[in-house]
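Pasting a structure below so you can have a look.
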Amino acid sequence: MWNKKFENLNEFLYGKEPNQFIATEIENWNGKNLICFGEGEGRNAVYLAEKGFSVTALDSSEVGLKKAKDFAKENNLEIETILTKIEDFRTSEKFDIAISSFMHIHSGLQKTAFEKIVLSLKVGGVFIGEFFSEEQLNFSSGGPKDIDLLYSEKEVREILSNLNCKIKKCEVEKTTLNEGKGHIGEASVLRIVFVR
């Protein structure tokens, strides 16, 4: 499905600018190596590489990752890419920072996804993420129309507490998105920051 969504090589579905919450929040944290989960066409990865991070981008779409690599090259940058579903992800490397924006995962796999994210971080490492909340069903600015692919603040808090993470932020907020043609307009998002 994502290969099809990303197949137009002349267009970036969610634009080339980074997710604004991630771009703002990253300023509050220090680190060198960073991993992007569900990175798609590379808008966050390229922005963060420009900021001086050593960036690894993970996604299940080879088309998205090729576009991400090409986008980085156009900007004289280099990023590592890993083609995998998050539930199959394995690494011995530990990262200072992990990020994700609008990674759509079935509710039954969300616990596994957060376990993988936590395991990818060094102790003291930070995760910054923005996801569509269950209330996004009331908005037409993008995202899945299947509640199973949206996120519940209560459930995510429970998952992170069970993983012994220090939750700095886990809140549903209303925002206005302007990310390519894929995300435009008022939206309900779950913004998460936690420390391993």
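The values are calculated or read from the model by the stated rules, or taken from the named source; none is laboratory data. In this text, all values refer to a predicted model and were calculated from it rather than measured experimentally. FYI the Cβ positions are ideal-geometry reconstructions off the backbone, even for glycines, and counts take in every protein chain you see. In case anyone asks, the SASA skips ligands and DNA or RNA and just uses the protein heavy atoms, side chains included. Shrake-Rupley method; radii C 1.70, N 1.55, O 1.52, S 1.80 Å.
Just one of GLY180, GLY185 is in contact with a helix residue (DSSP H, G or I) (Cβ under 9 Å, 6 or more places away or on another chain), more than 26 Å from VAL118 (Cβ to Cβ) and touching a residue at least 24 places away in the same chain (Cβ under 8 Å); which is it?
Working: GLY185 fails: in contact with a helix residue (DSSP H, G or I) (Cβ under 9 Å, 6 or more places away or on another chain).
Sole residue among the options that is in contact with a helix residue (DSSP H, G or I) (Cβ under 9 Å, 6 or more places away or on another chain), more than 26 Å from VAL118 (Cβ to Cβ) and touching a residue at least 24 places away in the same chain (Cβ under 8 Å): GLY180.
Would you say GLY143 is more than 25 Å from ASN28 (Cα to Cα) and crowded, with 17+ Cβ neighbours inside 10 Å?
So GLY143 passes the test.
Is there any pair with a first residue in the stretch 18-31 that is within 14 Å of VAL55 (Cα to Cα) and a second that is surrounded by fewer than 16 Cβ atoms within 10 Å (Cβ to Cβ) whose Cβ atoms are under 8 Å apart and which are 6 or more apart or on different chains, and what are they?
ILE26/LYS51
Among the residues of the stretch 95-113, write down those that are in a helix (DSSP H, G or I), without any contact (Cβ under 8 Å) to a residue 60 or more places away in the chain and either open to solvent by less than 10 Å² (accessible area, probe 1.4 Å) or not basic (Lys, Arg) (or both).
Answer for the stretch 95-113, where residues must be in a helix (DSSP H, G or I), without any contact (Cβ under 8 Å) to a residue 60 or more places away in the chain and either open to solvent by less than 10 Å² (accessible area, probe 1.4 Å) or not basic (Lys, Arg) (or both): SER107, GLY108, LEU109, GLN110, THR112.
Please indicate, with yes or no, whether at least one residue in the stretch 114-135 is closer than 16 Å to GLY42 by Cβ and crowded, with 16+ Cβ neighbours inside 10 Å.
Keep residues of the stretch 114-135 that are closer than 16 Å to GLY42 by Cβ, which gives none.
Checked the stretch 114-135: no residue is closer than 16 Å to GLY42 by Cβ and crowded, with 16+ Cβ neighbours inside 10 Å.
Could you go through the stretch 52-72 and let me know if any residue there is in contact with a Pro (Cβ under 9 Å, 6 or more places away or on another chain) and within 20 Å of HIS183 (Cβ to Cβ).
Scanning the stretch 52-72 turns up no residue that is in contact with a Pro (Cβ under 9 Å, 6 or more places away or on another chain) and within 20 Å of HIS183 (Cβ to Cβ).
Out of the residues in the stretch 1-54 meeting the condition of being of a type in the set (Ser, Thr, Tyr) and assigned to a helix (DSSP H, G or I), tell me which one is nearest to ALA187 (Cα to Cα).
This residue is THR24.
Residues of the stretch 23-51 being closer than 19 Å to LYS5 by Cα, open to solvent by 10 Å² or more (accessible area, probe 1.4 Å) and touching a Ser or Thr at 6+ places or on another chain (Cβ under 6 Å), which ones?
If the condition is that a residue be closer than 19 Å to LYS5 by Cα, open to solvent by 10 Å² or more (accessible area, probe 1.4 Å) and touching a Ser or Thr at 6+ places or on another chain (Cβ under 6 Å), then GLY38 is the only one that fits.
Looking only at residues in the stretch 170-196 that are part of a strand (DSSP E or B) and basic (Lys, Arg), which one is surrounded by the fewest Cβ atoms within 10 Å (Cβ to Cβ)? Full working, then the answer.
From the stretch 170-196, those part of a strand (DSSP E or B) are 170-179, 183-195; that's our starting set.
Subset that is basic (Lys, Arg): 174, 191.
On the way: LYS174: 11, ARG191: 19.
Among them, the one singled out is LYS174.
Let me ask you something else. Just to be sure, is LEU121 aliphatic (A, V, I, L, M), under 16 Å from the mean Cα position of the chain (by Cα) and at pLDDT 95 or above? I'd like the intermediate steps shown before the answer.
Details: aliphatic (A, V, I, L, M): yes; under 16 Å from the mean Cα position of the chain (by Cα): yes; at pLDDT 95 or above: yes.
Yes: the conditions hold for LEU121.
List the residue pairs whose Cβ atoms are under 8 Å apart, where the first residue sits in the stretch 127-142 and is in a strand (DSSP E or B), the second is at pLDDT below 95 and surrounded by fewer than 19 Cβ atoms within 10 Å (Cβ to Cβ), and the two are 6 or more positions apart or on different chains.
PHE132/HIS104; PHE132/PRO144
In the list ILE82, ILE167, which residue meets the criterion of being more than 20 Å from PRO18 (Cβ to Cβ), of a type in the set (A, V, I, L, M, F, W, C) and in a strand (DSSP E or B)?
Of ILE82, ILE167, the one residue that is more than 20 Å from PRO18 (Cβ to Cβ), of a type in the set (A, V, I, L, M, F, W, C) and in a strand (DSSP E or B) is ILE167.
Among (1) without any contact (Cβ under 8 Å) to a residue 24 or more places away in the chain; (2) open to solvent by less than 20 Å² (accessible area, probe 1.4 Å), where does SER92 come up short?
Among (1) without any contact (Cβ under 8 Å) to a residue 24 or more places away in the chain; (2) open to solvent by less than 20 Å² (accessible area, probe 1.4 Å), the lone unmet condition for SER92 is (2).
Take GLY64 and tell me if it is more than 26 Å from ARG157 (Cα to Cα), of a type in the set (Gly, Ala, Ser) and not in a helix (DSSP H, G or I).
On the way: more than 26 Å from ARG157 (Cα to Cα): yes; of a type in the set (Gly, Ala, Ser): yes; not in a helix (DSSP H, G or I): no.
Spelling it out, it is not the case that GLY64 is more than 26 Å from ARG157 (Cα to Cα), of a type in the set (Gly, Ala, Ser) and not in a helix (DSSP H, G or I).
I want to confirm something. Restricting to the stretch 67-82 and keeping residues that are among the basic types (Lys, Arg) and buried (at least 17 other Cβ atoms within 10 Å of the Cβ), which single residue is nearest to LYS51 (Cα to Cα)?
The qualifying residue nearest to LYS51 (Cα to Cα) is LYS69.
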